[in-house]
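Notes follow the structure.
The values are calculated or read from the model by the stated rules, or taken from the named source; none is laboratory data. Computed from a predicted structure; not experimentally measured. Cβ: placed from backbone, ideal geometry, glycine included. Neighbour counts: every protein chain shown. Surface areas here come from the heavy atoms of the whole protein model, side chains and all, with no ligands, DNA or RNA. Shrake-Rupley method; radii C 1.70, N 1.55, O 1.52, S 1.80 Å.
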Amino acid sequence: MSSDGLAINLIKSLKRHRMDLELLQSLLIIKFELLRYENCCPNYELPAKRTALPVGACAQEGRFEEHNVDKPSCIMTDPMLCGATVTVRFIRSFEHRNLKNVVVKGVALSSTGAQLKELALKKLQTSSGIPPPFKKYQYDTMKIETQAFGFKTNDPLINTGNDDSLILKDDSSLESSGVKNETEISFFKMEDYVAYKKNPVVAW
């Protein structure tokens, strides 16, 4: 077994089997940081105006980054610095149930809805196996579909309720909008969505 595997087993023991992934990743980050400086918890001092980045991707490679609080360097374009993973559901046609899922990693929850749209569209263009019509379509609206281990709605295509609270605002942070790690987000054209809500008919 690799050293990484041993570290995970030491932290997530049988008695702690219900520990979620986010907490495990955070603990691994702390462990690797202390080992790197041959330090231990009782005498570790957090540098002034510094914060440890609570990132899962860093922990997976044994990396630990420190950032100035006043000038955060955690940006959405560098997935190694950010930990949230979201699944974006690109809906090209409500009527024909045409949708493709694209997993976007390294999402900073402090970023805005507009920044997530930009990142998701870039990921769509570089994803293999996505037909050209999906890549050329004009998506303009994001809406939270479900959270990890959350309940699905009766409509498998999209949740048509709670638009005011679930549709992401371009100028609001993802965290304040309710986005978390492993959140599923639908990305569609608002004009199509409005038409589908008025007449939710599916063409087979």
Inverse of mean 1/r across different Cα pairs in segment 99-178, Kirkwood, Å: 13.9
Segment 108-204: GluC sites (Glu not before Pro) falling in loop per DSSP and having at most 15 other Cβ within 10 Å: Glu175
Segment 107-204 - accessible surface per residue (Å², probe 1.4 Å): 58
Residue-level accessible surface for Ser128, protein heavy atoms, 1.4 Å, Å²: 110
Too-long pairs where the Cα-Cα distance tops 18 Å, listed order kept, from Lys117/Lys143; Lys100/Lys135; Lys122/Lys197: Lys122/Lys197
